[in-house]
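Chemist: The structure under discussion is supplied below as structure tokens; questions concerning it will follow.
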Amino acid sequence: MHAMWKPQKFKSIYLLATLYVFTLTIPSATSVYWAFGDQLLDHSNAFSLLPHSAWRDAAVILMLIHQVIDFLCYLSHIGLVKTKWFSASNFQFITFGFACTPLYFVWEKVVGMHDTKSICLRAVCRLPVVIPIWFLAIIFPFFGPINSAVGSLLVSFTVYIIPALAHMFTYKSASARKNAAEKPPFFLPSWTAVYALNTFTVIWVLVIGFGLGGWASMANFIKQVDTFGLFAKCYQCPPSPSSVHH
């Protein structure tokens with residue numbers, strides 16, 4: 001995709017971005033799961049479980065600031081904001097923009113804007129993609145159970161199973177392996193080791209991710225389906241004291 005300025009650096013940047021995200025998600029996820037455990041099965045909004053305090057309010061504010069900065073980074077990525085603080089080289093993966101980029105390209109192709117040189121015009125052209133997604137996020141605040149089901153049933157295939165099988169199929173012949181643009185890495189000294197790793201990945205994700213994960217996410221989804229509501233003012237928040245007395 002032309003949004004990637006240096007495709008040859010994709011793997012290293014992806015690895016570094018993943019490690020960076022882990023430093024953000026692993027500590028917070030571990031602490032919240034340690035504190036609340038199974039309550040998180042039917043409370044995808046973890047903030048609703050935290051006691052009302054200045055610390056919780058600060059966490060919500062910092063999360064909003066994080067989203068604003070991410071949006072500015074994304075604008076920098078498409079060329080609408082040019083500052084040394086929000087350079088695209090420093091922020092390679094902005095989740096929303098990264099996930100929606102294929103939709104942007106398809107939409108620009110549909111409306112005939114894929115060849116335009118105007119960044120502002122392309123940004124305006126992408127609004128019909130952004131606004132419905134934003135509106136749907138407000139309508140359906142119960143995205144957590146849906147995301148869990150999608151992750152186990154679909155992402156397991158698109159991220160792990162299909163790529164591993166495609167790699168094995170592509171290099172199944174001796175000539176393809178001999179002429180491969182990228183040889184096995186140093187920690188996998190042979191193609192046999194590569195195929196063994198791919199096979200293990202396919203079986204493991206198929207059984208654990210798709211099988212057990214799919215069963216757990218669907219069971220959790222069915223358990224919560226009666227609590228879903230559109231345009232919830234505070235999704236899964238505990239009732240206020242005044243409403244309890246009434």
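Chemist: Run the numbers for TRP134 and PHE47: contour at 0.36 nm per residue of separation, minus the present Cα-Cα distance, in nm. Before the final figure, lay out each step's value.
Modeler: Details: separation 87, 0.36 × 87 = 31.32 nm, distance 2.05 nm.
Extending this stretch completely gives an extra 29.3 nm.
Chemist: Further question on the same structure: Can you tell me the length gained on complete extension of the stretch THR192 to LEU103, counting 0.36 nm per residue apart and subtracting the Cα distance?
Modeler: Full extension from THR192 to LEU103 adds 28.3 nm.
Chemist: Right, next: May I ask you to give the solvent-accessible area per residue for the stretch 141-233, in square angstrom, as obtained with a 1.4 angstrom probe?
Modeler: Numbers: 6280 Å² over 93 residues.
Heavy-atom accessible area per residue stands at 68 Å².
Chemist: Quickly work out the LEU64-to-ALA174 label distance, labels modelled 7 Å from Cα along the C-beta direction, and quote it in nm with one decimal.
Modeler: Rounded to a tenth, the inter-label distance reads 6.6 nm.
Chemist: Which percent of the accessible heavy-atom area of the stretch 141-233 goes to carbon and sulfur, probe 1.4 angstrom?
Modeler: The nonpolar share, carbon plus sulfur, comes to 73 percent.
The values are calculated or read from the model by the stated rules, or taken from the named source; none is laboratory data. Being a predicted model, the structure only gives us computed values, none of them experimental. Because the Cβ atoms are built from the backbone with ideal geometry, glycine has one as well, and the counts that use them run over all protein chains shown. Each accessible area value is taken on the protein alone, full model and side chains, heavy atoms only, with ligands, DNA and RNA left out. Shrake-Rupley method; radii C 1.70, N 1.55, O 1.52, S 1.80 Å.
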